[in-house]
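The values are calculated or read from the model by the stated rules, or taken from the named source; none is laboratory data. Quick caveat: nothing in here was measured; it's all calculated off a predicted structure. Positions of Cβ are generated from backbone atoms using ideal geometry, with glycine treated the same way; all protein chains shown enter the neighbour counts.
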Amino acid sequence: RTASSTRDFFAALKQGRTTPALIAEVKKASPSKGVFREDFDPVAIALSYQQGGASCISVLTDEKFFQGSFDNLTKVRAAVDLPLLCKDFVIYPYQMYLARIQGADAVLLIAAILSDQDLQYFIKIAKALNMAALVEVHNLEELDRVLALDGVSLVGINNRNLEDFSVDLQTTCQLLAARGSQLQERNILVVSESGLHNPEDLSLVSQSGASAVLIGESLVKQPDPELAIANLFPSGV
């Protein structure tokens, strides 16, 4: 596959190899927890995710906080067939072009760090590049900002509080209780992110209306990520 042909990130989540669909994240470290595994091999981890039943794969490219790299994205792109999300703090258009060139099929846009004008502009750029934009929110105010934009097809609800790094799955439940019908009417697919560690967590956010989950830490930390996925989805993949 060449970087010029994108894989359909939205469709992969919609079809879902599991319920909810899984975006498995390739991440070496986080600002709150430090390094997750010293023997970090992004390709081996990504292949394990694909084998385990992930629908899509997220690759951290931020170097400063997550010890990620675009090199990891390129390597994973060559190794797996699944659509890839470039996970970074996107604040400039060039980052989106770079992500596409390196093989990303989707890009993360964080509402908390972008103005409405920039968000709308970046969503248009993503569309022009034939990429999906996963627009991330943390609270109702951000979700309402995103719902006022055009062209939104994927919303990520991050259960982590950016102020103190605490995690509360009720964030997903509450936002979907408040705006679930509007999201559904617009065919916007919701991804619950952060703090998902067991089948009960997945069941909670799924029943609230999340079609997909993004999980990194609780998979990367396990010696066998494929087995870790099987344990998250005991009813089978």
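Brief remarks follow.
- Pairs linking a residue in the range 29-50 that is touching a residue at least 12 places away in the same chain (Cβ under 8 Å) to a residue that is assigned to a strand (DSSP E or B) and not β-branched (Val, Ile, Thr), with Cβ atoms under 7 Å and 6 or more positions apart or on different chains, are Val35/Ala29; Phe36/Ala29; Tyr49/Ala24.
- Meets criteria (of a type in the set (Val, Ile, Thr), within 24 Å of Leu196 (Cβ to Cβ), buried (at least 22 other Cβ atoms within 10 Å of the Cβ) and at pLDDT 95 or above) for Val152: no
- Listed by position, the helices (runs of 4 or more DSSP H) enclosed by the range 82-175 that each have at least 2 residues that are polar (S, T, N, Q) and out of contact with any His (no Cβ under 6 Å at 6 or more places or on another chain) are 116-128.
- When residues of the range 96-113 are limited to those that are more than 25 Å from Asn139 (Cα to Cα) and among the small types (Gly, Ala, Ser), the one surrounded by the most Cβ atoms within 10 Å (Cβ to Cβ): Ala104
- Scanning the range 159-205 for residues that are over 15 Å from Pro20 (Cα atoms), hydroxyl-bearing (Ser, Thr, Tyr) and free of Cβ contacts under 8 Å to residues at least 24 places away in the same chain yields Ser166, Ser181.
- Residue check, Leu183 buried (at least 18 other Cβ atoms within 10 Å of the Cβ) and either in a loop (DSSP other than H, G, I, E, B) or at pLDDT below 95 (or both): no
- Some residue of the range 38-55 being touching a Gly at 6+ places or on another chain (Cβ under 8 Å) and at pLDDT 90 or above: yes
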